[in-house]
Structures are given as structure tokens and as C-alpha cells.
Amino acid sequence: MSRPEPLQPVYDFSSAPEPVSLLQGTADVNLGNDRASEAASLMLRFLPGPHLIFQASVKGTAELELPFLFETPDNLSLSFNGQEIEGFCGRWKANFETFDFDWVPQSEPVALCDMESKISVAAILHLFNFPDFRGGQHQATAAPAGCALLVLESEEWRISLQELPDGATREAWNRIKAEGGCFLTHVVKLERKDGKPFSGEDASEQCHLLNNFLSFIKGGKCAPVCGVGLDAAGATTWKTFASPYVGKPPYSWFTPFKASQAELLFPLFAKRWQQSEEWKDCLHSAIYWYVQANTSGGSPGIDAAIILAQSALERLAYHYLVVDRQMISGKGFDDLRASDRLRLLFSICGISNEITDATPDIRQVNDTFRKESRWVDSPHAITDIRNSLVHPVSKKKVHDCYVDAWRLSLWYLELSVLALCGYDDTYTSRLTAKCVTESEKVPWGKKA
């Protein structure tokens, strides 16, 4: 059976970190009561950090005077191809003849059309700095020759993540490791499993789900950007523009050389996400705090990360125990100590509450306490350490436990999301794994 042709990026991002032109058009520039129309470009700049800008140059005319040379005009507005772009003036320079400036959109993504009215059968998006994975379930049958492939399928949708052909993904990751920064690593294709057309708004909703899922996979903010809708003939129907996230490659539960983990989790995650608006909001909040807490030695610090991770855990505990399962009332939940809330969640999920050798600093410090003050288990330890950060009256000296408490809180958070989705396969334990390629069965699946 012949292999399919590899997916190709719509835009050439190979010149990064140099700016990349995404779209040429006409800018209508308004300066108070004056107006001018000039050619303009929508650009993706990568330095000092990725961001979209509209690059325009206005020439002075009898109708349009350029009196400002030393300060940014405060009455400037811009429309691109007839659509007003809410934003502000970034870098600029002016003389008595021209005004060259960057217009920074107020928010992203930028859609230059009515997404609801645009119909497509597929969409192509671009993914930056995503892990160099291997071991997908469809590698032997559906992957283009020489390209790693990840296929995420829900009840109605199929999303294909493919590495760049000709070794470009490996080259990108070599540059990421050597230089830092942001480079294209994968191409994403979104389509319905039944082949039926979908609106741009449908695509946006699926991308919102996908962004949260990939962020949980990666352990840091992650979203495919610069999407292009295609009709059955391959013609472009819509475009959206956004800048990618960039940061140090974080650690997560996902084993890059067992990409099947993501393929097994996705339909379970999508089912939970689509179960109700409350579940969607819960998972979105938990993953938002998770990627904030999964710091790689930057901001926030480990002390703040401990607080954020436990906020996410309590959010999951409240939704599952009170809203979803109705095992306890809202008042009953509020009356519980934080450690009891987490202990109940972890017990139901099949996650151990014991203090083990995987957190040696917590165990060692706990042994120095008097018997009546000792932590009875891990939920007690991490919530007490969190309390020592937010309540300075705490008398326990636990600063030696911060790294253990941070790692343990994130481990609980990753496993809680996996358990609440019904996942029952392998993962990389941040507590015990010696390297990112090492994986083990989730704890609730060991007895199966």
C-alpha cells in the first residue's frame, strides 16, 4: 500500500527567527480626521518573543500632515483589508515625509473574515516547539514515509499531528536546544471523520479543545497557530492568525517515545470536555494552573507553583465530588480540611496517599517532628507546606521540602486528570522516572 504524501506547511517559517510575512493587503490608516490607504503586511515576529504585527508605512500628502516626530500619535487607528483591527501602535519612526509603524493587535487570534459563514472540509495549522515524538499507533499504516505521525480521534473529529518532512523537525529541535526560541516542528490537519464540511466556528471550538489537550501533553502552553481552512477542491476558505507560545521545554507525564499515550487519552479527554460546560470549564482551569505551576526554573517560582498546583487539585476535587458525583454537598466540601478534600479525591481515583521514598526530603523532615505534629500522609504534607507559604504564622520549618512538595503536587495533578478522564495506560512519573523515556502503568491500572 502506497504511503500518503506528507502534509506541508502553508507558510514558510524556515527563516525564523527572522520575521515571516503571512499576508499582504491594504491598510486604511486614520489619524484624527485624516485618512490614507497604503500597502501593508501582516507579520509574525519572533524576537524578542513571538507576536503578530501589521507593518505599514504612510506617506505625507496635502490631506495628511505628519506633525509628530518625537511622540507616538494618540489618535491612530488601522483597518486591514476593510476590517478594523483593535490594537495599538508599537515600534515606529517618522520624518517629514513618511510614518513607518507596527500595529499590534489587541488580542489573538486575528480572524479576517466571518468564521461562522466559511465552510471547509479540512484545516491546516502550524505547531511550534512540540515534543519530537515517536511510537504512534498509526505509524505503520497511515504515516507518510519518514514522518512521525500522531492521530487524535474523538467521536466526530480526526486530528493528525505530523512532523516536518526531510528531517526538518529534528533540525528545529537542534536549534531550540542550542539557541532557545521558537521554531516550527509539526503540521496539524483537522477534519471530520465522516468527511462532512464544517464551519470556521466549529474549527475554532475544536482548536480550543486541542489547545488544552496539547498543553496537558506538553506540560506547558501549546497551541497550533495560523490556521487555514480548505474546501473540497483545496481552495482556501478562511484564515486565522496567532503567534505561538515559547518557553523552556517543560517536563510532563507524557513519554515522547510512546506517542500512543496521547492517542489513547484524547478520545477520553474529549468526552469529558464535551460532557458539559462545567466539565469544560473545570478542565480548562485545572490545565491553566497546571502549565503555570510546571515551572522550568523560571517564573513563577516553586513556592508560587505549589500554591497554583493545589488550587488546580481543589478545583478538580470540588467539581468531581460535589458537582459531578454529588458525593458531598458544597457546604460539606467547604467544611473539610484541604487535606481531606484531596485525600478523598486521590482515594477515589486510586492514587496512593502514602509518604514514600520518592519524596525523601518530606520523609526526612517529617521524622524530625514530634509525633503529634507529624504528617499522616502526602495530602497532609503538601497542604501543610502550602499553608506555611500563605500563612506566615506556621511554626513548622519546611523550606527544605519545597521541591518535593512541588513535584508531588504536580504528580498528583497529572494523575488526577488522567484518572478523571478514565485513562488506564502508561505514563512517565516525575517522582520515580530516571529519564523521560521511562514509563510505567498508572497506579490504578496495576491490579487490572
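Quick look at the numbers
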| quantity | calculated |
| --- | --- |
| Boolean, R363 is in contact (Cβ under 8 Å) with a residue 12 or more places away in the chain and in the same structural domain as L420 (by TED's automatic domain parsing) | no |
| Single condition D194 does not satisfy, out of (1) free of Cβ contacts under 8 Å to residues at least 60 places away in the same chain; (2) part of a loop (DSSP other than H, G, I, E, B); (3) within 20 Å of V417 (Cβ to Cβ) | (3) |
| Scope region 317-345; condition under 19 Å from S285 (Cα atoms), in contact (Cβ under 8 Å) with a residue 24 or more places away in the chain and not aliphatic (A, V, I, L, M); matching residues | H319, Y320, D324, R341 |
| Looking only at region 99-152, and only at residues there that are of a type in the set (D, E) and closer than 25 Å to I85 by Cβ, the one that is surrounded by the most Cβ atoms within 10 Å (Cβ to Cβ) | D102 |
| Extreme residue, modelled with the highest pLDDT, among residues of region 390-424 that are part of a loop (DSSP other than H, G, I, E, B), in contact with a helix residue (DSSP H, G or I) (Cβ under 7 Å, 6 or more places away or on another chain) and farther than 30 Å from R272 by Cβ | V398 |
| Selection status of T437, in contact (Cβ under 8 Å) with a residue 40 or more places away in the chain and touching a Cys at 6+ places or on another chain (Cβ under 9 Å) | no |
| Matching residues, region 295-310, being free of Cβ contacts under 8 Å to residues at least 24 places away in the same chain, within 22 Å of S378 (Cα to Cα) and surrounded by fewer than 18 Cβ atoms within 10 Å (Cβ to Cβ) | G301, A304 |
| Criterion (modelled with pLDDT under 95, out of contact with any Pro (no Cβ under 8 Å at 6 or more places or on another chain), not assigned by TED's automatic domain parsing to the domain that holds I159 and not β-branched (V, I, T)) met by exactly one of G332, G297 | G297 |
| Only one of K221, K196, K248 that is out of contact with any helix residue (DSSP H, G or I) (no Cβ under 9 Å at 6 or more places or on another chain), charged (D, E, K, R) and within 28 Å of T295 (Cα to Cα) | K248 |
| So S243, is it of a type in the set (G, A, S), touching a residue at least 12 places away in the same chain (Cβ under 8 Å) and assigned to a helix (DSSP H, G or I) | no |
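The values are calculated or read from the model by the stated rules, or taken from the named source; none is laboratory data. The shown structure was predicted, so the numbers you read here are calculated from the model rather than taken from an experiment. Here the Cβ is made from the backbone with ideal geometry for all residues, glycine too, and neighbour counts use every protein chain on show.
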